[in-house]
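Everything below concerns the one structure shown next.
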Amino acid sequence: LAGLWTVFTLGGVGSKPPPQLEQCSPLASQSLLLLLVLANLTDAPDTPNPYRQAIITAYSSSNPHAFQINFNSLYTALCEQQKSDQATLLLYMLLHQNTNVRTYVLARTDIENLV
């Protein structure tokens, strides 16, 4: 999958994750890449992409039937990994497609950590 990511970044032109990130959490890095690929697949004519729908509708609440994310943990992880293309792309997708994440991020008092 890393080779596939290199192809998507035009032969490695895009920035690579820091070496310590690759060594400490290769499963997390590969999982994020897989999530991004799946979420950006084209919708079928009769059904929307379920991975994109999960990202768009994810929220933080006590509803047991909804896809839930701990926004605080997500925000912290995204702040720590903003030097990687994958984390930046995930943040972009969440801010533009999920109103719950956008509202949460805009309500934070420490948004400068993300920027």
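Rule-based calculations on the coordinates, nothing more; no lab input. This one's a predicted model, so the numbers in the text were calculated from it and none came from an experiment. Cβ: placed from backbone, ideal geometry, glycine included. Neighbour counts: every protein chain shown.
What does the highest-first list of 67-75, 84-92 look like by mean Cβ count within 10 Å?
Details: 67-75: 14.8, 84-92: 17.6.
Order by mean packing, descending: 84-92, 67-75.
Multiplying the residue separation of Ala54 and Tyr92 by 0.36 nm and removing their Cα-Cα distance gives an extension gain of 12.2 nm. Across segment 24-115, the mean sequence separation of Cα contacts (distance under 8 Å, 6 or more residues apart), normalised by length, yields a relative contact order of 24 percent. A simple spin-label model places pseudo-atoms 7 Å from Cα toward Cβ; at Ser25 and Asn100 they are separated by 2.1 nm.
Checking every one of the trypsin sites (Lys or Arg not before Pro) in segment 65-115 against DSSP loop status and a limit of 15 other Cβ atoms within 10 Å picks out Lys83, Arg108.
To the nearest 0.05, what FRET efficiency results for Phe67 and Val115 with a Förster distance of 25 Å applied to their C-beta separation?
Efficiency at R0 = 25 Å is approximately 0.40.
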